[in-house]
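What follows is one structure encoded as C-alpha cells, with my remarks underneath.
The values are calculated or read from the model by the stated rules, or taken from the named source; none is laboratory data. Since we're looking at a predicted model, the values are computed, not measured. In this analysis, Cβ positions are derived from the backbone assuming ideal geometry, glycine residues included, and neighbour counts consider all displayed protein chains. Each accessible area value is taken on the protein alone, full model and side chains, heavy atoms only, with ligands, DNA and RNA left out. Shrake-Rupley method; radii C 1.70, N 1.55, O 1.52, S 1.80 Å.
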Amino acid sequence: MHSPQAQKRFYELSKQMLASEQVSPLDIGSLRELLKYHEWKYYVQNQPVVSDYEYDQLYKKLEAIEYAHPDLITLDSPTQRVASDLNEDVPPVAHTVPMLSLGNSYNAEDLKDFDKQIKKLCELEADVDIEYCIEPKFDGGSIALVYENDYLVRGATRGNGTKGEEMTTNAKAMPSIPLKAAFSKLGIFKAELRGEALIRKDIFDKVNISRQKEGKVLFANPRNAATGGLRTKDANETRRRGLEAFIFQLGYAVDSAGNDMLPNLRTHDKGIETLGELGFKIPTIERKVVSSIQGAIDFCRDWEEKRDDYHYEIDGMVVKVNSLDMQERCGYTSHHPRWAIAYKFKAKQATTKMINIEYQVGKVGSITPVAKLDPVHIAGVTVSSVSLHNEEFIVGKDLRIGDTVVVERAGDVIPYIVKSLEELRDGSELPPKFPEFCPINMTDTPVPLIKIETEAAWRCPTCVCGAQELQKIIFHVSKVAMDIDGFGKSNVERFHEEGWLQDISDVYNLDYDQIARLDGFGRRSADKLESSINKAKENPISKLLHSLSIHHLGKKASKLIAQEINHVLDLREWNEEKFTNIKDIGPVVAKNVIEYFSNPVNIRMLERLESYGVNLNQTEEDKPLQIAEDAPLAGKTILFTGSLQRMGRKQAQELAAKHGAKNISAVSKNLDILVAGEKAGSKLKKAEALGSVQIMSEDAFIALIGE
Ligand code: IVH
C-alpha cells in the first residue's frame, strides 16, 4: 500500500515528531497520517516499525492537540475508534458489551495520578486507600466467549471493540476453554467472558522449530502466532499451536429474566476466582489484591523484573479497581474504562539507524564487527553501539550500513540487532565489506586475517602492534578476572597510551607518583588504585589463570587446573594427557594451555609478575573442597528461590556447596531441598506439588549448616 520511499518518510517524520517537545496544531494532518500508517504496519502487516511506547506517545500528542482544539477532530481520526484487526472477508459478530481498550501508564507517578483520579470520580477523601486488583497485561490476541445455558455458544476476536470475528470452532479447539461450565449454579443464564489467547514461550519455540523443518515461514513472536492461530480457518492448526486462554474479565452476566448478575460478585477478584472454580484458566500467582496504590506500584515493579522468567509474553500489568460498585461509579470513556489502567513495561525493542560498522580486535585476536547506532533509549538505557558478533551474523541478517534496524534489550541481556527493516531502504544503504587485513594494525605492514575452519570469527594471527595485548590487559583487570577495583577500561587505555602498560605484568609495576600527577587523578585516587592492585596480588591462582586470556580457558576450567598444581609455572611440564585426565577438560583447552606455557615470552611475563609480588602459588581457596561424608548436605541437591534476607543468592550457593550440596537450577524429582526466601513464587508451588522436596526457610538452612 505504501512505497518504500513513503515508508521511509513516515518513519523519519515519526522520529522527528517524537523528538519534538510540542507538535503544532498545524501538523495535525501529518500526525493522523502517521498514526494510520503505524496502525497499518502493526495490525495489517504485523511488522511494526516503532515500539508500542513510541506509538502511544504519538497518539498522546494527537489527543493533546484535539483536546485543545476540539474543532479539529475529524470522523476518521485514530482517536475516534478503538484499534481494529477486523478482516473484511469474515462477517463480524457484535459483542454483548463493547470490548474497550485500556489507558496507559509508564511509571509510579502515572499510577499515583490514576489513583487520585479514581478518588475524585468516587468522591473520596485524598487520604483514603483504594483496593486494587493487579494482573499481567497478557500480550496475545483478545477473545470474547459467550456461554448460554452453561454451554460455550460463541467465541470471537476483539475486532474493533464493538464487533469481532467469529471463531467458535477455534475456541473449541483450545483445551483451556471449557465447552461447558456450571454458570447456572450461580443463577447465570448468559455470560460473556473476556480473555487473551497466548502461546507459552517454550511451546512457541517448538512450533517454530517444526515449522522450520516443514519449510514454513517462521513466526516473529508468540503474539503473531497466537493472533494468527485464533483467526485461522483450520481449527487443527489452532490446536497444533498450543493456544491457551487466560480469562481476565467477566464482562456480562444475566439470569434468565435478563437481570444483571454481576453485582453479586462484589469484587473483580471474586469474579475471577469464581471463573477459576468453574474451570477457566485465570491468573493466580500473577494476580494480587493490594490495599493501596503503593502496593500496586510495588507489584508492577516486581513483575517488570520477573517478566523474562515468566512462561508467557506480557507487556505490562493491569491495575483494576477491585470493587465492582466503585467501578460502576468511575464509568467509561469511549476508549477505555476509567477504573483500570495498563502499566506498560519499558519497551524491550526500538528502531534506529545503523550509521556505521566498526571493527574491534579481541584479546585473542578475533575481529568483532560493532554496529554504531543513532543513540536510542531502550528499557531505561541509551544504546549507541551493539556487537554484530561475526561476518556470518551480518550476512545472515543482510544488514547494510544506513539500514533502520530493530534493537532489542531484554532483562540483563546485552542489546542485539533483531533485524533490519528492508521496507525502509531507499537504495543508499551499503552492504558492509568485511576487512581482509587487521583493521586495528598500528604498524605499516598490513596483516592478513585468517579464518580457522571450526570458528566463526576472522582472526589476526600475529599481532605485532599491541592492540591484542591492550585487550588482554583490559580483561585481566576486569571484574570477571582479577577484579581490580577502580581500574576500568578507560584507565587501562589511558595508561597504555602513556606507554606504561605493554603487557599484563606492567599492571603491577606502575609508578603511582606519575599517576597522581595525571589530569583528573590526584594522590587519593592513585593511592586507592595502588591498594586495589596490591589486593589483587593475593588472588588465588585460579583467578590468575583465567585472567591470562588463554583461548577457551574459562573460569571453571581454570579452577579445575588450579586444584591440581602447586605453582602456576608447574604447567610448563604438563602434557595433554595430564589435562584431559581432569574431568571436564578437553583437548582444545589442553592444547591452548600447553601452547601458552611453551612460549618463552609468556614465561618471562609470568616470572615478572612473580617478581612484582603477584601470587603464583596455590592458595587455600584454590584447593579442592574437602567434604566430609557426614557434612550436613552431603550428596543432596539444593535450590534457592525467592529473595534471601541474610545473604546473597551466590553466597548461599557457595555455602551450600561448601557443606556438600550440589546446586541445581530447576525443580524436578531430582531436587532434595528447596530454600524458599521471601516472595517465592512458581518454584515453591511446584516443589510443594511434587511432595518429595524438603522445603525450608533461609533461617532453617543457616541453622542446618551451623554457620
Ligand atoms: S482488561 C474493559 N486485563 O489489553 C477492560 N485487558 O489494551 C479492558 N489485556 O484488548 C481489558 N491482559 O486484550 C484487561 N489482564 C488484562 C489484560 C488485558 C491483556 C488486553 C486486552 C485488551 C488490551 C487493552
What aspartates and glutamates sit close enough to LYS685 to cross-link, taking a C-alpha to C-alpha distance under 16 Å and skipping anything fewer than 8 places away on the same chain?
GLU286, ASP309, ASP672
Which of rounded, prolate, oblate describes segment 157-262, given a ≥ b ≥ c as roots of the alpha-carbon gyration tensor eigenvalues and a/c under 1.5 marking rounded, otherwise prolate only if a/b is larger than b/c?
prolate
Take the cross-link list LYS41/LYS348; LYS201/LYS636; LYS112/LYS320 and give me the ones stretching past 24 Å between alpha-carbons.
LYS201/LYS636
On the full set of protein chains, 1.4 Å probe, figure out the accessible area of SER366 and give it in Å² to the nearest 10.
20
Cα long-axis angle, helix 222-231 against the chain (0 to 90 degrees, to the nearest 10)
30
Probe radius 1.4 Å, ligands and nucleic acids ignored: give me the carbon and sulfur share of the accessible area of the chain as a rounded percent.
49
Tell me, what ³J(HN,Hα) does each residue in segment 261-276 have, in order and in whole Hz, if you take phi through Karplus 6.51 cos²θ - 1.76 cosθ + 1.60 with θ = phi - 60° and put x for Gly and Pro?
9, 4, x, 4, 7, 6, 10, 4, 4, 5, x, 5, 4, 4, 5, x
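Given a 1.4 angstrom probe, what's the average accessible area per residue across the chain, in square angstrom?
With the other protein chains kept in place, the chain gives 51 Å² per residue.
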How long are the semi-axes of the equivalent ellipsoid of segment 429-502, defined as square roots of 5 times the Cα gyration tensor eigenvalues? Whole Å, largest first.
27, 16, 13
Give the separation of the Cα centroids, segment 542-572 to segment 664-696, in Å.
35
Those cysteines in the chain that have no second cysteine Cβ within a distance under 4.7 Å are CYS122, CYS133, CYS300, CYS330, CYS463, CYS465
Let me make sure I get this right: for segment 381-443, a, b and c are the square roots of the gyration tensor eigenvalues over alpha carbons, sorted descending. Under 1.5 in a/c it's rounded, otherwise prolate if a/b > b/c, else oblate. Which is it?
oblate
Spatial separation of Cα centroids for segment 134-195 and segment 623-660, in angstrom
48
Sequence of TRP339, TRP40, TRP458 when ordered by accessible area, the most exposed leading, probe 1.4 angstrom
TRP458, TRP40, TRP339
Roughly how far apart, in whole Å, are the Cα centres of segment 360-412 and segment 16-82?
30
Mind checking which aspartates and glutamates have their Cα closer than 12 Å to the Cα of LYS397? Skip sequence neighbours fewer than 8 apart in that chain.
GLU422
For the chain, Kirkwood radius (reciprocal of mean inverse C-alpha pair distance, Å)
30.2
Beta carbons within 10 angstrom, averaged per residue: use that to sort the peptides 108-115, 233-240, 214-221, 189-196, highest first.
189-196, 108-115, 233-240, 214-221
Would you calculate, for the chain, the mean residue ellipticity at 222 nm contributed by helices, counting each DSSP H stretch of 4 or more residues as -39,500 (n - 2.57) and dividing by all residues, to the nearest 500?
-10000 deg cm²/dmol
Using only the Cα atoms of segment 366-483, each taken as one equal point scatterer with no solvent, compute I(q) by the Debye sum, divide by I(0), and report log10 of the ratio at q = 0.14, 0.17, 0.18, 0.22 Å⁻¹.
-0.77, -1.05, -1.13, -1.28
Eligible lysines near LYS172 by straight Cα distance, threshold 19 Å, same-chain separation 8 or greater:
LYS180, LYS190, LYS233, LYS281
Given labels modelled 7 Å from the Cα in the Cβ direction, how far is it in nm from LYS528 to SER210?
5.8
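Rg/Rh for segment 513-638 to two decimals, with Rh computed the Kirkwood way over all alpha-carbon pairs.
A ratio of 1.09.
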Packing-ranked peptide list from 377-387, 616-626, 153-163, 94-104, highest mean Cβ count within 10 angstrom first, is 153-163, 94-104, 377-387, 616-626
